[in-house]
Each structure stands twice: as C-alpha cells, then as structure tokens.
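The values are calculated or read from the model by the stated rules, or taken from the named source; none is laboratory data. Just so you know, these numbers come straight off a predicted model, no measurement behind them. Please note: Cβ atoms are built from the backbone with ideal geometry, for glycine as well, and neighbour counts cover all protein chains shown. Each accessible area value is taken on the protein alone, full model and side chains, heavy atoms only, with ligands, DNA and RNA left out. Shrake-Rupley method; radii C 1.70, N 1.55, O 1.52, S 1.80 Å.
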Amino acid sequence: MDVLEQLAELKVRALGELADIDDARELESWRVCYLGKKSRLTAVLRNLGELPLSEKKSVGAGANRLRVELESNLEQKKRALREAKLASSVQKEGLDISLPGYPFPVGRLHPVTQTIHKINDIFTSMGFQVVEGPEVEWDYYNFEALNIPEEHPARDTMATLWIDYEKDSNQRQMLLRTHTSPMQIRFMEKVRPPLRIVVPGKVYRYEATDATHIPMFHQIEGLAVDEGITMADLKGTLYEFSRRFFGKDRKVRFRCDYFPFVEPGVEMAIECAVCKGEGCRLCGSSGWIEILGAGMVHPEVLRRVGIDPEVYTGFAFGMGIERIPMLRYGIDDIRLFYSSDLRFLRQF
Ligand code: FA5
C-alpha cells in the first residue's frame with residue numbers, strides 16, 4: 001500500500017472514531033492519536049524529504065489536506081460537545097442563558113484626585129512642572145530650612161505629628177510633613193533657576209476636626225524662581241488659576257499674612273460658594289474661604305540653597321486642595337470626602 005492509500009485509510013478510521021466520541025477526554029485522546037506529535041500523519045509530513053521527487057508533491061498536498069480536514073472536524077466536534085453540555089445544564093439546573101449578566105461595578109477617581117489632576121493641568125499649561133516629595137520628612141526641610149528654627153512660634157501654627165525615632169548623629173528629627181513647602185528646599189537644592197514647579201501631595205496636622213479642618217489633607221505647593229519675578233507675577237498667576245478653575249465671576253481676595261519663609265506674605269481667599277458672600281456655617285459667617293498662603297520667597301531661603309537673592313527672586317504658594325472642590329461645588333463639610341459614603345462620592 002503506498003502512502004496516499006495509507007492516508008485515505010487513516011481518514012476513514014479517524015472520522016469514523018470521531019463520530020462516536022461524546023466527551024471531552026475522549027476527544028483529547030483522539031486529537032493526540034491523529035494529530036499529535038507521534039501520530040502517523042505528523043510522521044508522514046516530517047519524512048516528506050525522504051520520498052522520491054515524483055511522490056513528494058502529491059503526498060505533501062494529500063497529507064496537508066488531511067490535516068486541515070481533521071482539525072476542522074475536531075473544532076466542530078468541540079463546539080457540538082460544548083453546546084450539548086450547555087443544553088443539558090439548562091435542562092438539569094433550569095439555567096436561562098438569555099438572562100442579562102450582572103453589571104460589573106465600575107470605579108472612578110476620588111474627587112480630591114480629580115481636583116489634583118485639574119489643578120496640575122492648569123499649572124502645566126502655564127509652564128509649571130509637576131514633582132512629588134516624601135510625606136515622612138526631616139525637621140530640617142519642614143521647618144529649619146524654611147526659617148522656622150526650633151523655638152520659633154510659627155511651629156505652633158502647624159501642630160506636628162512627630163515620628164518616634166532616635167535622633168541620629170546630626171540630631172535630625174523625623175515628622176509627618178505639615179505642608180508641601182519642604183519640597184521648595186529639596187527641589188532648589190538640586191535644580192538651579194529658572195524653575196517653576198507645583199507639588200501636590202498629602203500633609204498631616206495634629207488638629208481637631210470640624211467642617212473645614214481634618215488631620216490628613218492635601219496641599220499643592222507652587223514655586224517659581226527666576227530673574228525679575230515680582231509680586232505682580234504671583235497675583236497674575238493665581239488670578240489666572242482662579243479664573244480657569246472657578247470661572248471669571250468668582251471674587252478673589254488677597255490680604256497680608258505671615259509665613260516665615262516668604263516676605264511679603266499674603267493669603268488668598270475665594271468668595272464662599274454656599275452663601276455667595278452672605279456668610280454661612282462653611283465660611284464662618286465671613287463670606288470668604290481662605291484657600292492658600294503665598295508670598296515672595298524669603299532671601300534667606302534662597303541663600304540657604306545657594307541661590308543669590310541679589311540676582312534671583314521668586315514666588316511661592318501653598319493651596320489646600322479639599323477646599324477647592326468645596327468652593328466649586330458648594331460642599332459644606334470637608335469630612336464628607338473621607339467618610340466613604342458612595343452616595344456622596346458617586347456625584348463626581
Ligand atoms: C501653609 O501650609 C504654607 N506652607 C503655605 C505657603 C506656601 C505659604 C508657600 C507661603 C508660601 P497654611 O497652614 O495656611 O499654610 O495652609 C495652607 C492651606 O491649607 C490653607 O489655606 C487651607 O486651605 C489648607 N489647610 C490648612 N489646614 C487645614 C486642615 N486642617 N484641613 C484642611 N485644609 C487645611
């Protein structure tokens with residue numbers, strides 16, 4: 001019997017056996033026997049090279065045709081077995097495959113994260129770069145380098161969570177950063193002006209909670225240092241931010257304030273969204289909500305990082321992020337952001 005006759009016989013046998021198969025395990029044995037590595041068909045295909053030229057072409061074509069035919073029969077059988085199984089479980093378990101499936105719960109970004117992204121977008125469009133810094137910080141970066149030495153009363157305005165850590169040989173102490181300003185120092189230690197950055201992140205204060213205060217909240221720091229930067233650049237940049245974020249009709253107020261690392265210092269407040277300036281619980285009856293502290297970078301801060309204050313000047317600001325969506329959407333209690341109530345969170 002020549003090879004082509006053998007293949008014809010193989011086909012009859014394989015298809016005959018396949019017709020009688022009615023479970024997946026038998027089907028797998030059939031596949032191994034007729035299409036597997038050690039099957040007769042694979043051997044024929046592998047040894048084509050040894051055949052005389054006259055037979056090679058016809059045997060090769062015949063063997064490949066048979067392989068394709070067996071594979072397609074195998075797929076058909078697999079489908080038929082699957083359908084038969086499904087039909088039997090529909091009968092046995094009363095399964096209704098036409099019922100709609102359960103919807104997958106789809107998550108979304110937290111409103112504070114969404115706000116950070118929006119603020120980043122506004123400042124990057126004005127040429128600022130986004131950088132991040134550590135939440136566990138050295139006393140030096142959080143206070144000392146920002147003109148707040150150990151006995152300075154300004155430390156009292158930021159009740160600090162200290163880390164229980166033995167001072168090292170440099171007498172350094174660790175804390176949870178109370179603001180994002182330490183990144184001003186860290187960044188200026190590494191990068192020379194001109195520079196423009198914003199630094200979003202978590203900050204921590206050991207404070208009582210009320211409608212506008214929580215012990216863990218977010219800030220975004222801004223810092224721009226270059227030749228010839230003035231207070232007008234600071235105000236222009238923050239007005240532009242407010243216009244883009246809150247719209248052009250929302251009033252903005254600057255007032256003098258004190259922060260040891262800026263001179264002069266200001267605070268910026270926005271007209272309260274809940275009472276439209278009339279006075280309510282959220283704004284403490286003042287009609288305004290303070291959202292950030294800012295000012296011109298103190299010459300001593302620049303000097304400490306090796307930047308000459310006679311050549312360079314800069315402005316900095318630190319904004320409380322939670323208060324921004326509160327003002328935009330008229331949310332009257334900051335604690336709602338962290339109470340994990342989906343009815344609140346799903347609105348954003
Ligand atoms: C600071 O933290 C300064 N680092 C800001 C600064 C940066 C001034 C650069 C000058 C130059 P202050 O403590 O005021 O400042 O906090 C800044 C903002 O954080 C506040 O305006 C407020 O919006 C927000 N904030 C402060 N404490 C809380 C709190 N407990 N809960 C929620 N938001 C708060």
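Listed residues 178, 124; which is in a loop (DSSP other than H, G, I, E, B) and either surrounded by 17 or more Cβ atoms within 10 Å (Cβ to Cβ) or away from the ligand (no atom under 13 Å from the Cβ) (or both)? If you could, list the steps in order and put the result at the bottom.
Numbers: 124 fails: in a loop (DSSP other than H, G, I, E, B).
After ruling out the rest, the residue left standing is 178.
Taken residue by residue, the range 275-293 has at least one member that is within 22 Å of residue 223 (Cα to Cα) and of a type outside the set (A, V, I, L, M). A Cβ distance below 7 Å, combined with a sequence gap of six or more or placement on separate chains, defines the contacts here; from the range 144-165, residues that are charged (D, E, K, R) and at pLDDT below 95 reach residues that are in a loop (DSSP other than H, G, I, E, B) and within 13 Å of the ligand (Cβ to nearest atom) in the pairs 155/143; 155/148. Condition check for residue 278 on (1) over 34 Å from the mean Cα position of the chain (by Cα); (2) over 23 Å from residue 181 (Cβ atoms); (3) open to solvent by less than 60 Å² (accessible area, probe 1.4 Å): one failure, at (3).
Could you say whether any residue in the range 322-343 is open to solvent by 10 Å² or more (accessible area, probe 1.4 Å), within 13 Å of the ligand (Cβ to nearest atom), closer than 26 Å to residue 216 by Cα and assigned to a strand (DSSP E or B)? Taking every residue of the range 322-343 in turn, none turns out to be open to solvent by 10 Å² or more (accessible area, probe 1.4 Å), within 13 Å of the ligand (Cβ to nearest atom), closer than 26 Å to residue 216 by Cα and assigned to a strand (DSSP E or B). Could you tell me whether the range 151-165 includes any residue that is closer than 30 Å to residue 239 by Cβ and in contact with a helix residue (DSSP H, G or I) (Cβ under 8 Å, 6 or more places away or on another chain)? No, the range 151-165 contains no residue that is closer than 30 Å to residue 239 by Cβ and in contact with a helix residue (DSSP H, G or I) (Cβ under 8 Å, 6 or more places away or on another chain). For the range 180-210, a tally of residues being touching a Leu at 6+ places or on another chain (Cβ under 6 Å) and over 21 Å from residue 224 (Cα atoms) returns 2. Taken over the range 239-262, residues that are touching a residue at least 60 places away in the same chain (Cβ under 8 Å), farther than 23 Å from residue 309 by Cβ and not charged (D, E, K, R) amount to 3. The condition of being in contact (Cβ under 8 Å) with a residue 12 or more places away in the chain and assigned to a helix (DSSP H, G or I) holds for residue 69. In the range 263-274, the residues that are outside the structural domain of residue 247 (by TED's automatic domain parsing) form no Cβ pair under 7 Å with any partner that is at pLDDT below 90 and open to solvent by less than 10 Å² (accessible area, probe 1.4 Å), whether six or more places apart or across chains. Filter the range 211-240 down to the residues that are within 19 Å of residue 133 (Cβ to Cβ) and touching an Asp or Glu at 6+ places or on another chain (Cβ under 8 Å), then identify the one that is farthest from the ligand (Cβ to nearest atom). In this case the residue turns out to be 224.
When restricted to residues that are in contact (Cβ under 8 Å) with a residue 24 or more places away in the chain and either open to solvent by 10 Å² or more (accessible area, probe 1.4 Å) or of a type in the set (Lys, Arg) (or both), the range 307-317 contains 3.
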